[in-house]
Each structure stands twice: as structure tokens, then as C-alpha cells.
Amino acid sequence: MLGIRQIQEKKEEKMIKLIATDVDGTLVVDGSGSLNPEYFPVIRSLLEKGIVFVVASGRAESSIENIMKPIVDDIIMIAEGGSYVSFRGEELESHPIPIEVVRELIADIRSLKECEVMINGVKQCYVETKDKAFLKWIVEDYHFNVQQVEDLLEIEEEIVKVSIYHKTDATKIATPTFLPKWENRLHVASAGNEWIDCVMPGVNKGTALRKLQKQYGITKEETMVFGDNINDLEMLGEATYSFAVENAREEVKEKANYITDSNRNHGVLKVLKQVLATIEEKERE
């Protein structure tokens with residue numbers, strides 16, 4: 001495993017100006033509602049050094065806000081798998097799914113055995129579930145703003161993401177019929193064993209990150225990204241310093257340029273500390 005100090009000793013590279021990280025499976029165990037508090041002073045110090053810090057997740061904005069609460073006003077959030085981007089409560093980008101497509105998705109997911117469907121607006125998520133344990137989990141651990149409804153087909157607000165949930169293997173359940181129908185119509189990606197997320201075509205964490213890079217005048221060579229799952233692949237492709245955590249899927253490790261320690265061993269934190277130490281060392285020169 002290479003740290004950033006070792007990388008920069010290997011070859012002359014531009015200093016890092018933007019860091020983006022996934023949440024579930026990368027910073028925390030999937031579905032966790034809290035982050036190791038050691039992250040916050042380190043990220044705060046990086047922000048003070050002028051680094052743009054981005055949290056990019058399949059989670060809803062409210063869930064990212066909760067887990068990043070101490071620094072939420074100073075980070076950019078790429079939420080809902082790239083379909084909603086915000087900073088300090090202001091919408092930077094949104095990609096709603098046409099309502100007729102949302103309703104077709106709902107009908108198809110309802111037909112999948114032992115699966116739940118969740119549809120996400122910008123500020124509110126909706127479920128029909130009668131499973132109290134599932135509802136408690138997404139409210140108390142994920143901190144989604146969830147409204148339980150009788151019929152999702154009656155929701156008329158703009159929806160930016162539709163998700164399949166299965167308690168053990170959503171991809172296995174969706175592969176025979178759902179994926180062949182939808183994977184060429186929408187951007188459909190695994191977000192962990194339990195979740196599959198559906199957003200508009202061409203929408204993902206990578207395209208959202210690329211727009212931010214352009215907005216801030218930051219290059220791929222000045223960008224660092226961390227991820228663990230399929231929905232992180234495009235984002236990893238937008239950074240020279242692309243890191244997979246040790247617990248990442250093999251496809252992600254193959255895509256990433258570097259590997260760091262696992263989420264449980266706070267691999268991202270270790271690299272962030274090295275980045276900060278390298279910046280401070282250069283300042284003393």
C-alpha cells in the first residue's frame with residue numbers, strides 16, 4: 001500500500017487541490033450512521049489549506065449532512081449517486097427522472113421477490129414498506145428523511161433516484177429480468193450488496209465530479225478520490241490519485257491506481273493525514 005508521500009516521492013506531481021470520497025464501504029461500514037470523529041479535524045485542516053473536499057455518495061443529502069455534521073457547511077455534497085449536487089444548502093445540479101419512467105420502475109421493482117422500492121426526491125424519500133426493521137434502519141442509521149406511503153405511484157414530486165433494496169443480494173435478485181430491461185435505459189449501479197440505484201443516463205459520481213473540476217479549474221492530476229464499490233468506478237477514473245480501500249470489490253481495486261487500508265481500519269483517514277503532513281512539510285521548506 002502506497003501513501004501519498006511515497007507517491008509524490010516516486011514522481012513529481014501537482015499538489016492535490018480536490019479530494020472526493022464515497023461514504024458506505026469506504027469511510028464507514030455500510031449503513032453506519034456515524035463517522036470516526038478523528039476525520040473532522042483532519043478534513044478541517046485540509047479545507048484551511050485550500051483543498052476542495054467533496055463527499056460523493058448514493059445516500060440522500062440529509063444522510064450525508066448527518067454523518068458529516070461538524071463540517072457540513074464547508075464541503076460539497078454529491079448525493080443520490082450523482083443526481084443531486086449541493087453546497088451550503090444550495091442546489092448546484094439536479095437530474096430528475098421522468099415521472100412515467102419512475103412509475104414503470106416502481107411496478108417492475110414491486111414484482112421482484114423480497115425487495116423493497118425507495119424513491120428519492122431532493123429532500124424526501126418515500127417507501128411503501130411494512131417491514132419495521134427496514135424502516136427503522138433507514139431512518140435511525142442512514143438518517144434518511146423518509147415518508148411511509150400507501151402507494152408510491154401517487155407521488156408527484158420530482159424524483160432523482162429509484163432504489164432496489166434486498167437484505168442480502170439485490171444484484172442477484174435483479175439480474176434475471178430487471179437489469180436486462182433497464183441497464184441500457186438508465187444508469188443502474190450496485191451500491192453495496194443490499195442496494196441497486198437507478199438514476200438518469202449519463203449521471204454518476206464521476207460526471208458530477210468532472211463538472212466540479214471544471215468549475216474550480218482543477219485537473220485530474222490535482223484530484224484524489226476514494227471508493228469501494230461499482231458506483232465509484234467513474235469517479236475513480238477522474239483522478240490520478242485514485243484509491244480503493246482494502247475491502248473494496250475487485251473491479252474497484254483493478255480500476256484504482258492505489259490501495260489503502262480498509263474502512264474498518266480507517267484507510268482513508270491514514271491517507272488524508274499523509275496528505276496534510278506533506279502539505280505542512282512543503283510549507284516549512
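Over all distinct Cα pairs, what is the inverse of the mean 1/r for the stretch 99-199, reported as the Kirkwood hydrodynamic radius in Å?
Final number for the Kirkwood radius of the stretch 99-199 is 13.6 Å.
Working out 0.36 nm times the residue gap between residue 254 and residue 131, then minus their Cα-Cα distance, what length gain in nm do you get to one decimal?
Answer, rounded to one decimal: 40.6 nm.
Can you tell me the FRET efficiency between residue 149 and residue 169 if r is taken as the Cβ-Cβ distance and R0 is 35 Å, rounded to the nearest 0.05?
0.85
Just the ratio, please: alpha-carbon radius of gyration of the chain over 2.2 N^0.38 Å, N its number of residues.
Taking the Cα Rg and dividing by 2.2 N^0.38 Å, one obtains 0.99.
Determine the gain in length on full extension of the stretch residue 47-residue 92; use 0.36 nm per residue of separation and subtract their C-alpha separation, reporting nm with one decimal.
14.2 nm
Using the beta-carbon distance between residue 285 and residue 158 and R0 = 41 Å, what value does 1/(1 + (r/R0)^6) give for FRET efficiency, to the nearest 0.05?
With a Förster radius of 41 Å, E is 0.20.
Taking the Cα centre of the stretch 99-199 as origin, work out the dipole magnitude from +1 charges on Lys and Arg Cβ and -1 charges on Asp and Glu Cβ, in debye rounded to 20.
300 debye
Label residue 14 and residue 99 with points 7 Å out from Cα along Cα→Cβ: what is the distance between them in nm?
It is 4.4 nm.
Would you work out the charge dipole size for the chain about its Cα centre, treating the Cβ of every Lys and Arg as +1 and the Cβ of every Asp and Glu as -1, and quote it to the nearest 20 debye?
In total the dipole reaches around 660 debye.
Place the peptides 197-204, 54-61 in order of packing, highest mean first, counting for every residue the other Cβ atoms within 10 Å and averaging per peptide.
Ranking the peptides 197-204, 54-61 by packing returns 54-61, 197-204.
Straight-line reach from residue 253: which aspartates and glutamates have Cα under 14 Å away, leaving out those fewer than 8 places along the same chain?
228, 232, 234, 261
Each value in this text was obtained by applying a stated rule to the coordinates, not by laboratory testing. As the structure is a computational prediction, the values presented were derived from the model and not from experiment. Glycine gets a Cβ as well: all are built from the backbone with ideal geometry, and neighbour counts include every protein chain shown.
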